[in-house]
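The values are calculated or read from the model by the stated rules, or taken from the named source; none is laboratory data. Treat the numbers as computed from the prediction; the structure is a model and nothing was measured. Backbone-built Cβ (ideal geometry, glycine too); neighbour counts: all protein chains shown.
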Amino acid sequence: MPAKTKAKTTSAKWTKEKVRDAYIKTLLLEGKQPNSVFKFTDDLGMPESEFYTFYSSFDAIENDVFKEMMAETIKSVQSDKAYAEFSAQEKLLTFYYAHLQVLLAKRSFVTIKWPELKKRATTPDWLKGYKEAFLNYARSVVGDAIQGDEIKERPFISDKYDKAFWLQLMFVVDYWTKDTSADFERTDAAIEKAVNLSFQLLGDTTIDSIIDFAKFLWQSK
Amino acid sequence: MAIKMSHTKEQDSIPTSKMQRASKFVGTGAKMGKNYLKYYAKRLVEGDTGRDELDEANAEDIYNSLSQLKGSALKVAQMISMDENLLPKAYAQKFQMAQYNAPPLSYPLVVNTFRKQLGKTPDQVFDTFSQRAVNAASIGQVHKAELNGKTLAVKVQYPGVADSVSSDLRLARPIALSLMNIKAKDLEKYLEEVEARLLEETDYELELKRSIEITEKCNGLKNVKFPKYYPEFSTPRIITMDWIEGKHLMEWVNTNPDQETRNKIGQALWDFYDFQIHTLRAVHADPHPGNFIITDDNLLGIIDFGCVKEIPEDFYKEYFRLMEPGITARKEYFLNLLAELEFFLPGDSEKEKTYFTGIFTRMVDLLGKPFDSASFDFSDKKYFEQVYGLADEIANDKQFRKSNAARGSRHAIYVNRTYFGLYNILHQIGAVVNSRIDFSELDLKK
């Protein structure tokens with residue numbers, strides 16, 4: 001690296017996006033996080049200290065990527081003027097379908113990261129921003145749903161609805177990472193059934209959807 | 001669900017416990033949960049319930065849930081219930097009543113399908129598009145759309161349907177076995193046939209191609225109306241065609257049309273099938289009332305070519321040689337034909353042969369009856385009671401049930417189903433039809 005001041009190098013060469021893209025590429029090619037920030041920056045020909053001006057850790061980069069995919073999804077569904085007219089259930093469905101379109105651009109990244117969740121009981125650092133953004137969004141959908149009488153407000157439990165939808169999202173993405181059907185059609189069906197079920201469970205309990213869903217899962221093994 | 005429960009009675013005449021159970025698991029949604037519990041409870045208590053019994057119980061339980069679904073297993077059950085009239089009327093009714101109950105596709109999923117398949121949302125493709133489905137098709141649903149002043153019907157397929165056909169069939173197998181009382185090995189050839197048709201039904205590209213072909217070839221027929229199809233708005237999961245304005249067949253029947261109109265529609269229906277069977281040798285094998293629309297100027301609109309059975313030359317010849325009026329009187333010739341059509345099996349004793357000859361004689365005489373009539377009255381209740389009566393008799397007959405081998409060619413499934421469906425619809429229309437087939441003009445020589 002030529003003898004320039006650090007600040008200049010940064011502005012001229014390295015940006016947050018570039019570091020992030022380089023990191024994802026490394027992760028995808030290696031299949032795991034680099035052993036250290038030093039190793040990563042050394043391979044890039046970048047002073048380690050500069051890395052920290054953008055991110056504090058690899059997890060922070062990943063957190064950024066996931067958070068941004070969530071933000072992009074929410075922005076894209078909300079920018080559609082028909083969306084505002086939808087029922088809460090349709091809003092959530094639209095969200096899922098749009099989200100998978102966004103995730104599709106980084107499917108390899110998601111399929112590397114997602115299985116790690118199985119090993120953990122708590123949300124890892126790299127998913128915290130994503131989760132928070134989703135919970136925020138889910139609360140707005142739950143609010144709409146309760147207002148629109150689609151789901152029932154229940155003492156104590158209502159506060160947990162957003163968490164329930166978070167589990168549903170985890171399921172959907174997990175299903176999608178393992179889906180081998182063309183065009184991920186089975187995930188589309190899974191979303192439809194999962195959302196149906198959740199709204200009926202939270203609204204009025206009906207066994208129909210449970211069986212519908214159970215059969216679907218049973219079948220797709 | 002409460003309404004459905006009422007269908008579970010009327011089991012007095014059912015011969016075996018298998019049948020009893022079989023009839024129970026259709027259309028009793030509310031019972032389902034309980035059955036599930038029972039099943040698991042039984043397994044917990046008894047531990048190693050006999051493997052067979054477990055499979056059977058399992059099949060039934062699963063069937064319970066299947067009856068709640070838009071699944072192909074149900075279609076199989078329906079089809080088998082129609083086949084050969086082997087199942088008594090009561091069961092056939094139950095199967096037909098079992099409606100596909102899965103919730104309709106959400107609008108966001110329809111949009112998603114459009115995005116993936118056409119790269120645009122429905123609103124971008126059409127001037128208007130109904131967010132709600134206006135009709136359920138067997139493996140999809142129909143939306144109404146408008147483009148440049150034209151009203152269109154847009155059929156959208158449920159995602160993952162093609163995938164689930166095979167596994168549904170695996171579920172249907174044990175049920176079919178217990179219903180038909182035939183050996184698994186013998187059932188194989190029938191299930192293969194059914195599976196092939198069902199898989200074809202999920203192939204919208206094939207359906208589009210066939211729809212265009214058949215409607216073009218049937219252009220010369222009188223009093224029928226076909227929609228125009230739009231390949232540019234069709235994909236493996238979407239078919240777009242003209243919207244045919246009118247009443248659904250049963251709806252139209254309920255308006256109590258005059259006899260002349262009934263006959264006209266009935267004749268159009270008969271001619272349409274006659275032309276397909278004898279000229280095209282490929283037949284719309286799903287004569288379900290829902291596939292027909294009567295327009296305001298009393299034309300027969302035909303809207304669904306999902307299930308098309310191509311009739312192989314050999315089978316065609318054998319089948320119609322068997323159906324020729326008066327054939328059962330020519331004993332020896334008739335016996336030879338039955339053998340050729342695989343109705344007799346190598347292991348049959350003389351007694352069995354005589355017994356089955358009797359049954360088949362009556363079946364052929366009865367089912368071939370319209371072929372000899374220039375004005376067959378399909379409203380004739382007596383005729384249909386005879387048909388159902390024979391079916392009941394066969395199903396209740398110990399000797400027939402004891403002989404648990406499958407008889408007849410695999411191709412017969414769909415041809416029989418077609419005729420049976422056709423007769424049923426004509427009965428419901430109450431039409432008097434020239435249903436004579438001039439056998440001297442058919443090329444039936446080997």
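Looking at segment B:326-357, which of its residues are within 29 Å of B:Ala374 (Cβ to Cβ), at pLDDT 85 or above and not β-branched (Val, Ile, Thr)? Walk me through it before giving the result.
Of the residues in segment B:326-357, the ones within 29 Å of B:Ala374 (Cβ to Cβ) are B:326-331, B:333-334, B:337-338, B:341.
Right, trim to at pLDDT 85 or above and you get B:326-331, B:333-334.
Correct list: B:Gly326, B:Ala329, B:Arg330, B:Lys331, B:Tyr333, B:Phe334.
Restricting the search to segment B:421-442, which residues are of a type outside the set (Phe, Trp, Tyr) and part of a helix (DSSP H, G or I)?
Of everything in segment B:421-442, those that are of a type outside the set (Phe, Trp, Tyr) and part of a helix (DSSP H, G or I) turn out to be B:Gly421, B:Leu422, B:Asn424, B:Ile425, B:Leu426, B:His427, B:Gln428, B:Ile429, B:Ser440, B:Glu441.
Tell me, which residue of segment B:115-130 that is in a helix (DSSP H, G or I) and away from chain A (no Cβ under 11 Å) is surrounded by the fewest Cβ atoms within 10 Å (Cβ to Cβ)?
B:Gln124
Go through (1) within 21 Å of A:Val19 (Cα to Cα); (2) outside any helix (DSSP H, G or I); (3) small (Gly, Ala, Ser) one by one and return the number of the condition A:Ala121 breaks.
Of everything listed in (1) within 21 Å of A:Val19 (Cα to Cα); (2) outside any helix (DSSP H, G or I); (3) small (Gly, Ala, Ser), A:Ala121 misses just condition (1).
When segment B:334-366 is examined, which residues are found to be part of a helix (DSSP H, G or I), in contact with a helix residue (DSSP H, G or I) (Cβ under 7 Å, 6 or more places away or on another chain) and of a type in the set (Phe, Trp, Tyr)?
B:Phe334, B:Tyr355, B:Phe360
If we scan segment A:151-158, do we find a residue that is assigned to a helix (DSSP H, G or I) and away from every other protein chain (no Cβ under 14 Å)? Talk me through it step by step, then tell me what you get.
Of all residues in segment A:151-158, those assigned to a helix (DSSP H, G or I) come to A:158.
Checking the rest, the ones that are also away from every other protein chain (no Cβ under 14 Å) come to A:158.
Taking every residue of segment A:151-158 in turn, at least one turns out to be assigned to a helix (DSSP H, G or I) and away from every other protein chain (no Cβ under 14 Å).
Can you name every residue in segment A:173-202 that is among the hydrophobic types (A, V, I, L, M, F, W, C) and either surrounded by fewer than 18 Cβ atoms within 10 Å (Cβ to Cβ) or more than 14 Å from chain B (Cβ to nearest Cβ) (or both)? Write out each step before concluding.
Of all residues in segment A:173-202, those among the hydrophobic types (A, V, I, L, M, F, W, C) come to A:173, A:176, A:182, A:184, A:189-191, A:194-195, A:197, A:199, A:201-202.
Of everything in segment A:173-202, those that are among the hydrophobic types (A, V, I, L, M, F, W, C) and either surrounded by fewer than 18 Cβ atoms within 10 Å (Cβ to Cβ) or more than 14 Å from chain B (Cβ to nearest Cβ) (or both) turn out to be A:Val173, A:Ala182, A:Leu201, A:Leu202.
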